[in-house]
Amino acid sequence: MNSSNYFSRWFFGFIVLSLLWLAFTFPFSLAELYTGLVVGAFISLFTAKYFEEFGISSFAPSKILGLLIYIPIILWEIIKANIEVAIIVLSPSLPIEPAIITAKTKLKSDIGKMFLANSITLTPGTLTVDIIKDTYFIHCIKIDKTDERYATESIIGKFEKHLRRFVK
Amino acid sequence: MTILIWIWSIILSISIILVLYRCIKGPSLPDRVIALDMFTTITTGLLVLIAHFLNNYILLDVSLVYSLLAFISVIAIARYLESSKRG
Amino acid sequence: MFIIGIILITIGVIFSTLGALGLVRMPDLYNRLQTSTKATTLGAFSTIIGVGFLNPAWLIKTIVIATFILLTAPISSHNLARASHKWGIPLSDKTSVDKYDSKTGKEE
Amino acid sequence: MKKTEFLTGSFIALTLVVLLGVFFFQALFQPSYEGKVMPIDNVNLKDRVSLHYVLKNVNDASKYLATNGMRYFNNRSSVPSKTITFGKTKNLEEGSANEVTSIVVNYRGFDTLGEVTVLFISIIGLTMLIGGVKEKKLRMPSVIVRTGSKFLFPFILLFGVYIFIHGHLTPGGGFPGGAVIASGFLLLLLGLENFKFNTTVSKVIESLAGVTFVGIGLVGLFMKNSFLANFIPTGTIGFLYSAGMVALIYIVVGIKVGAELSTGVAELKEGNKND
């Protein structure tokens with residue numbers, strides 16, 4: 001999919017940007033639709049090269065379904081993360097044992113790595129500090145084992161299997 | 001309803017004051033940048049609340065521009081810090 | 001609709017305040033970054049979506065704003081953490097392991 | 001800086017300045033409408049506002065003047081005032097829901113042309129000043145920042161375009177929209193390690209936009225006998241296709257300001273290595 005051609009990227013950008021335009025100008029009207037189509041086509045004409053791993057195949061139902069499943073999972077994880085942080089902040093003794101540990105991912109594409117890193121940053125007690133090739137350096141607020149395999153399973157594993165449904 | 005909005009705004013203002021305390025005291029430059037980043041995020045929420053209070057759709061556009069500019073400024077400062085020496 | 005909106009805004013306001021409290025209480029920069037990123041992201045997200053629920057005509061626009069915040073906040077906080085590690089901000093005394101330090105000099 | 005670029009840039013700037021001068025003097029030598037000057041000590045503010053503004057409707061104003069004539073000037077308080085309803089009132093004088101836009105582009109469009117020209121000249125000056133400064137090397141960005149800036153750039157661009165196309169309906173307009181577009185380019189300059197901003201193309205786009213601005217003004221001059229007059233029907237207030245020329249001019253101003261500020265930002269980051 002890395003080598004999706006220019007037209008397929010342009011089409012992806014055109015659809016996404018036009019939909020976003022309609023979302024911006026919410027009370028739907030035909031004038032907005034025409035303007036949105038023109039603007040979306042024009043912008044994606046010269047920003048298509050930045051949609052590197054997308055294309056017409058991104059609209060496959062399985063991928064859209066994967067994204068739709070992923071959204072509630074990440075939202076639930078964010079809420080859990082916040083409750084955990086709230087307990088730490090409100091307890092008088094500040095029970096923290098910070099550490100920077102490593103973990104490995106199997107995702108290949110840049111966009112997949114970005115989504116995974118953002119998910120890690122938003123979820124319980126973890127923050128991505130850097131990525132070098134496939135190694136994630138993660139700052140944890142509270143950790144009992146600093147083993148790499150344990151970290152890979154507990155932190156990355158729960159997102160990776162859902163993310164693989166729509167990114168490589 | 002109005003009373004609720006007042007309470008929410010006052011609590012958000014208190015949190016903004018807490019953030020400003022860290023911004024003034026912060027031992028290093030990145031601490032202050034974090035405080036400012038958080039300041040802008042809270043202010044975006046407050047702006048949307050005010051948009052509801054004044055029933056003014058226009059402020060939503062303003063809040064989007066505000067969060068966009070905050071994001072880009074934080075990235076700029078971080079990239080500058082990344083490629084310079086502490087001193 | 002109305003009640004969901006009020007509950008969402010209340011959750012958002014509470015978590016924003018908790019994030020601010022965490023920013024004041026935490027001992028070193030990285031932990032501050034952790035609390036501030038998570039708490040304010042959820043705080044702003046839930047406040048904005050809550051306003052969307054109070055005003056159903058605004059819902060789509062508020063979802064766009066909230067998604068934008070959800071996408072950009074982790075990127076900027078990641079870049080700040082990386083920058084301050086490279087700039088030389090020390091970790092707190094409680095830190096047990098720092099595996100990043102050995103490879104800091106190596107560029108991709 | 002390349003010599004040809006500089007020459008084309010100065011040529012266009014000179015043309016703009018000469019055109020501005022011509023219109024300035026044309027305005028000076030026009031006869032005044034009233035023919036008499038009011039004494040300064042008892043000027044009423046109401047007398048300073050045009051009848052069109054009080055009535056908010058061109059057609060009604062002309063009808064009123066045709067029937068009532070000079071009586072209007074003696075008895076201001078009897079002028080009927082119209083209410084304006086969003087989404088219903090048709091053929092308003094300037095038709096823009098955002099009053100600031102109607103003032104900046106319609107009543108003071110000439111001023112805006114001057115502002116845009118000032119911005120253009122200051123960017124040229126910045127280019128000359130920055131020339132010879134060495135580029136500061138940034139460290140390799142991480143994968144997240146690189147991918148994130150690539151992913152967000154089209155959406156930021158779309159948002160900038162949204163702001164300046166909706167300049168007559170929501171706050172914003174050409175200048176903020178251009179600034180948002182420039183911030184998108186700033187994000188790319190920060191986030192990608194080998195992004196080269198093509199200053200030549202941006203200068204050409206900017207000059208074309210400036211020429212279009214003056215061209216719209218000239219069309220107004222030929223059709224309505226006044227430079228930058230609103231020659232397009234203004235439609236219904238609050239709709240996208242309304243306000244006539246205001247929307248058109250704000251699109252041009254947005255493109256021009258976006259290109260100008262992006263050029264400025266790129267020059268600040270990269271320095272100027274041609275000269």
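Among A:Ile79, A:Ser8, A:Val89, flag the residue with its Cα farthest along the positive direction of the charge dipole of segment A:4-100, charges on Cβ as +1 for Lys/Arg and -1 for Asp/Glu.
Of the listed residues, the answer is A:Ser8.
Which loop GluC sites (Glu not before Pro) in segment A:108-168, with loop taken from DSSP, have no more than 14 other Cβ atoms within 10 angstrom of their Cβ?
On the way: sites: A:Glu148, A:Glu153, A:Glu160; in loops: none.
Sparse-neighbourhood loop GluC sites (Glu not before Pro): none present.
Show me, for segment C:41-47, the HN-Hα J-couplings you get by feeding each phi into the Karplus relation (A = 6.51, B = -1.76, C = 1.60, θ = phi - 60°), rounded to Hz, glycine and proline as x.
Per-residue couplings from phi come out as 4, 5, x, 5, 4, 6, 4 Hz.
Run lengths n ≥ 4 of DSSP H only: what is the helix-derived mean residue ellipticity at 222 nm for chain A, with -39500 (n - 2.57) per run over all residues, to the nearest 500?
-18000 deg cm²/dmol
Going through the cross-link list A:Lys49/D:Lys203; D:Lys203/D:Lys224; A:Lys158/C:Lys38, which pairs have a Cα-Cα distance over 26 Å in this structure?
Working: A:Lys49/D:Lys203 22 Å; D:Lys203/D:Lys224 32 Å; A:Lys158/C:Lys38 18 Å.
Long pairs (Cα-Cα over 26 Å): D:Lys203/D:Lys224.
For segment A:1-108, what relative contact order do you get, as a whole percent, if you take Cα pairs closer than 8 Å and at least 6 residues apart?
30 percent
Going by a ≥ b ≥ c, the root eigenvalues of the Cα gyration tensor, does segment A:60-163 fall in the rounded group (a/c under 1.5), the prolate group (a/b larger than b/c) or the oblate group?
It comes out oblate by the Cα gyration axes.
Counting only other chains, and only Cβ atoms inside 10 Å, what mean value do you get across the residues of C:4-14?
What the average comes to for C:4-14 is 4.
Which entries of A:Lys63/A:Lys145; A:Lys133/D:Lys196; C:Lys61/D:Lys137 show an alpha-carbon separation above 32 angstrom in the structure shown?
With Cα atoms farther than 32 Å apart: A:Lys63/A:Lys145; C:Lys61/D:Lys137.
Residue-wise, which Karplus ³J(HN,Hα) couplings in Hz belong to segment D:9-14, taking 6.51 cos²θ - 1.76 cosθ + 1.60, θ = phi - 60°, and x for glycine or proline?
Those phi angles translate into x, 5, 4, 5, 4, 5 Hz.
For D:Leu208 and D:Tyr107 in one chain, what is 0.36 nm times their gap in residues minus the Cα-Cα distance, to one decimal in nm?
34.0 nm
Residue-wise, which Karplus ³J(HN,Hα) couplings in Hz belong to segment C:2-8, taking 6.51 cos²θ - 1.76 cosθ + 1.60, θ = phi - 60°, and x for glycine or proline?
My calculation for segment C:2-8 gives 5, 5, 4, x, 5, 5, 4 Hz in order.
Please tell me the relative contact order of chain C in percent, rounded to the nearest whole number, where contacts are Cα pairs under 8 Å and at least six residues apart. Could the numbers behind the result be given before it?
Numbers: 104 pairs, mean separation 30.0, N = 108.
Once divided by the residue count of chain C, the mean separation gives 28 percent.
In nm, to one decimal, how far is the modelled label at A:His162 from the one at B:Ile11, with both set 7 Å along Cα→Cβ?
About 2.7 nm separates the two model spin labels.
Search the structure for amide H atoms under 5 Å from the amide H of A:Lys142, placed 1.01 Å from N in the peptide plane, and list their residues when 5 or more places away or on another chain.
The answer is A:Glu97.
If I model a spin label at D:Phe6 and D:Ile130 as a point 7 Å from the Cα along the Cα→Cβ vector, what separation in nanometres do I get?
The answer from the label model is 1.7 nm.
Magnitude of the Cβ-charge dipole of segment D:203-275, K/R +1 and D/E -1, about the Cα centre, nearest 20 debye?
Computed about the Cα centre, the dipole is about 180 debye.
To the nearest 20 Debye, how big is the dipole of chain A about its Cα centre, given +1 on the beta carbon of each Lys and Arg and -1 on that of each Asp and Glu?
Magnitude of the dipole: close to 460 debye.
Around C:Ile75, what is the net charge, scoring Lys/Arg as +1 and Asp/Glu as -1 over all other residues with Cβ under 15 Å from its Cβ?
For residues surrounding C:Ile75, the net value is +2.
Which of rounded, prolate, oblate describes segment C:2-88, given a ≥ b ≥ c as roots of the alpha-carbon gyration tensor eigenvalues and a/c under 1.5 marking rounded, otherwise prolate only if a/b is larger than b/c?
The shape class here is oblate.
Expressed as a rounded percentage, what relative contact order does segment A:125-168 have, with Cα pairs under 8 Å and six or more residues apart?
24 percent
Taking the beta-carbon count within 10 Å as an exposure proxy, list A:Cys140, B:Cys23 from fewest neighbours to most.
Lowest count first: B:Cys23, A:Cys140.
Each reported figure results from applying straightforward, stated rules to the coordinates on display, with no laboratory input. None of these values were measured; they are calculated from a predicted model. Here the Cβ is made from the backbone with ideal geometry for all residues, glycine too, and neighbour counts use every protein chain on show.
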